[in-house]
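The values are calculated or read from the model by the stated rules, or taken from the named source; none is laboratory data. Since we're looking at a predicted model, the values are computed, not measured. All Cβ positions, even for glycine, are placed from backbone atoms using ideal geometry, and neighbour counts span all protein chains on display. Please note that ligands, DNA and RNA were not included when accessible areas were found on the heavy atoms of the full protein model with its side chains. Shrake-Rupley method; radii C 1.70, N 1.55, O 1.52, S 1.80 Å.
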Amino acid sequence: MNSAQSPLDAGRIRSLLGYAILAPSSHNTQPWRFRINGNAVSLYADRSRALPVNDPHDRELSISCGCALMNLRVAAAHEGLGTSCEIAPDETDKDLLARVSFNLIDTSTPPGAELFDAIEDRRTCRKRFEPDDVPEPLLNALAAAAAQEACWLEVIESEENRHACAALVAEGDSMQWSNPDWRQELASWMHTGRDGDGLTVPGVVAPIAQAVVRTFDMGNGVAAKDRQLADESPLLAVLGTSGDTLADWLAAGQALQKVLLTAQSRGLQASYLNQPIQLEALRPRLQNLMAQPGFPQILLRLGFASDEIEATPRRLLDEVVDEVID
């Protein structure tokens, strides 16, 4: 193979994008759009799916799009393709987050291809994990995955810091649930999954659940549950960046997805306790628990799950992909 651009047709690129859209996103909003133009794909932020209360600066939206970008890179590697990514290539278009082009590369096993099978298997596990410790070689592999994307992953090791982190999670729950606008936003994304997105609730229960969330401050109960989840998790880790710009958020998303896929490929599951990062008053306090300098972007709990986890719904590819025909 030579390294010249490969003549990918739109159908093959759409196939790759079918894996990109399996990325995780806040409230399962799936805030991305893709445009195919020749041998390139442009990734856009879909700000109609933003969360202005939970994510006022679109930081998590950008991280979610970065996760989709990593899935696209891994799927391309599985097809024997390299990728070249331009981040924020057009200063006049703030929604254009990245442009990806594809090329053939001179190796039978492109870097990242080994993570491909984990894309469809990855789940977010919101239940308790088994008490088994995470082996140190696996911890090292997760940290290396983050470092490959110019990010850091720091395990919260001491009991004192773990308890302090769990307390921040609980405090964040109480603050968010006390905000009626935050509860309204959360409720608006709770539905049966018929639209292929959002936080799935059984059909009969959905209207009741939405009304309860909108009406009642359940912060104390949620805080107690999340604090227990944090305290009992075999592993708490923070993924962070040296800066806090759009480029850093996109890097964090790519690093996060590489960490999640690496974890999944070794049988490890993850979920998020991002409340201390979502709230500006708490984020510096979480950073004070870190040895790494910089900005916390994601707070992960990881462990081994015994129960099978259902996949969350996804929108149809036609809803998020456009093709430019010259």
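Stretching Thr109 away from Glu280 to a fully extended chain increases their span by 57.3 nm, per 0.36 nm per residue minus the current alpha-carbon distance. Which shape class, rounded, prolate or oblate, goes with the range 145-208 when its Cα gyration tensor gives a ≥ b ≥ c as root eigenvalues, a/c under 1.5 marks rounded, and past that a/b bigger than b/c marks prolate? Note, shape of the range 145-208 comes out oblate.
In the context of the full set of protein chains, the chain has a per residue accessible area of 45 Å² (1.4 Å probe). Among the trypsin sites (Lys or Arg not before Pro) in the range 24-119, which ones are in a DSSP loop with at most 14 other Cβ atoms within 10 Å of the Cβ? Mind listing them? Passing sites in the range 24-119 are Lys94. By the Stokes-Einstein formula, at 0.890 mPa s and 25 °C, the chain with its Kirkwood radius over alpha-carbon pairs has D equal to 121 µm²/s.
From the square roots a ≥ b ≥ c of the eigenvalues of the alpha-carbon gyration tensor of the range 184-235, which class results: rounded (a/c under 1.5), prolate (a/b over b/c), or oblate? Since a/c reaches 1.5 but b/c is at least a/b, the shape of the range 184-235 is classed as oblate.
Farthest towards the positive end of the charge dipole of the chain, among the residues Ala146, Ser64, Ala187, is the Cα of Ala187, using unit charges on the Cβ of Lys, Arg, Asp and Glu.
Sparsely packed loop sites in the range 174-273 (the chymotrypsin sites (Phe, Trp or Tyr not before Pro) outside DSSP H, G, I, E and B with at most 14 other Cβ atoms within 10 Å) comprise Phe216. If you average the sequence gap of Cα pairs under 8 Å that are 6 or more apart and divide by the length of the chain, what percent do you get for the contact order? The value is 25 percent.
Take every pair of alpha-carbon atoms less than 8 Å apart whose residues are at least six positions apart; their mean separation over the length of the range 133-220 yields a relative contact order of 23 percent.
Taken about its Cα centre, the chain carries a charge dipole of roughly 440 debye when the Cβ of each Lys and Arg holds +1 and the Cβ of each Asp and Glu holds -1. Estimated at 0.36 nm per residue, the fully extended path between Ala224 and Asp307 surpasses their Cα-Cα distance by 27.6 nm. Within the set of other residues whose C-beta is less than 10 Å from the C-beta of Pro31, count the net charge using Lys and Arg as +1 and Asp and Glu as -1. Local net charge: -2.
Surface composition of the range 1-121: carbon and sulfur atoms hold 46% of the protein heavy-atom accessible area at a 1.4 Å probe. Looking at the range 180-326, the DSSP beta bridges with both ends there are about 85 percent antiparallel. The slack between Asp46 and Ile208, meaning 0.36 nm per residue of separation minus the straight C-alpha distance, is 55.4 nm. Here's how it looks for Gly198: its modeled amide H is under 5 Å from those of Thr29, which are all 5 or more places away or on a different chain. Estimated from the Cβ-Cβ distance and a Förster radius of 30 angstrom, the FRET efficiency linking Asp93 and Asp181 is about 0.55.
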